[in-house]
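Heads up, the thing below is written out as structure tokens.
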């Protein structure tokens, strides 16, 4: 089974091409179980998510995204940039391309600058689902950018806060049955926000593209920041732009980690189950 491991600002993605859409049948494992196996750092390759790369009748390609716990995500901002670069580097797409996701078709643009390749993603329109929502002692804004985010603005945002409060907020009754991503954000300037993300199904991650977009969108709609803002994440910075009609565009880098072949994915999954590491 061919895989390509990449990352966007430390948010690691394992891309698994399945162009004939036969992988589940051949391996006798669902995509979710393959994700649990590959994402495990001890028996697999270690990853925040896996991305299944598929053909599409509506766009250049289609992706399905699975978190390390096997759950499926609608969209991944860092992941879709990684896929775009992989396809471009293999001459499978041009500098302007489209990728179908569960959150709709996303248009992407690839450019080269002095600091390397940058990929812009048209994320679509953001939506404030609840401007003020109180959950477990936290007050935040519930935002949709194709997937759900609970954005909390606080002067005390930190990695420790995300680790402590993120798990319970993700699984809070108020966000069932789909759960939610959680962002803890501190405003630094009118165009810079420090953000820590507890990602649904993946835990604390070094970067989250949709989380950066949700944070920027909520901050812009509240008048906290300008329409062009840098989101400082544990793994680096993502630039987000919000238009007057609520369209969101995100720009960020990607890097390769390795390419290779995985043998006996069923054995890897069995090892994960035996060790009780799939929870």
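The values are calculated or read from the model by the stated rules, or taken from the named source; none is laboratory data. Just so you know, these numbers come straight off a predicted model, no measurement behind them. Cβ coordinates were reconstructed from backbone atoms using ideal geometry, including for glycine residues, and neighbour counts include every protein chain displayed.
Can residue 159 be described as at positive phi and in contact with a strand residue (DSSP E or B) (Cβ under 9 Å, 6 or more places away or on another chain)?
no
Give me the residue from region 57-72 that is touching a residue at least 24 places away in the same chain (Cβ under 8 Å) and part of a loop (DSSP other than H, G, I, E, B) and, out of that set, surrounded by the fewest Cβ atoms within 10 Å (Cβ to Cβ).
The residue in question is 58.
Against the conditions (1) in contact (Cβ under 8 Å) with a residue 60 or more places away in the chain; (2) out of contact with any helix residue (DSSP H, G or I) (no Cβ under 9 Å at 6 or more places or on another chain), where does residue 253 fall short? Just the number, please.
It fails just one condition, (2).
So, in region 236-268, exactly how many residues are more than 27 Å from residue 105 (Cβ to Cβ) and part of a loop (DSSP other than H, G, I, E, B)?
Within region 236-268, residues that are more than 27 Å from residue 105 (Cβ to Cβ) and part of a loop (DSSP other than H, G, I, E, B) number 3.
Might you let me know whether region 125-137 holds any residue that is more than 16 Å from residue 219 (Cα to Cα) and in contact with a strand residue (DSSP E or B) (Cβ under 6 Å, 6 or more places away or on another chain)?
no
Of everything in region 111-145 that's part of a loop (DSSP other than H, G, I, E, B) and at pLDDT below 95, which residue is farthest from residue 253 (Cα to Cα)?
114
Just for region 10-56: of the residues that are in a loop (DSSP other than H, G, I, E, B) and crowded, with 24+ Cβ neighbours inside 10 Å, which one is farthest from the chain's Cα centre (by Cα)?
The extreme case among them is 44.
Is at least one residue of region 83-94 touching a residue at least 12 places away in the same chain (Cβ under 8 Å), over 19 Å from the mean Cα position of the chain (by Cα), crowded, with 16+ Cβ neighbours inside 10 Å and assigned to a helix (DSSP H, G or I)?
yes
Go through (1) under 13 Å from the mean Cα position of the chain (by Cα); (2) at positive phi for residue 124 and report which single condition fails.
Going through (1) under 13 Å from the mean Cα position of the chain (by Cα); (2) at positive phi one by one, residue 124 breaks only (1).
So, in region 134-172, of the ones that are surrounded by fewer than 17 Cβ atoms within 10 Å (Cβ to Cβ) and touching a helix residue (DSSP H, G or I) at 6+ places or on another chain (Cβ under 8 Å), which residue ends up farthest from residue 209 (Cα to Cα)?
Out of the qualifying residues, it is 136.
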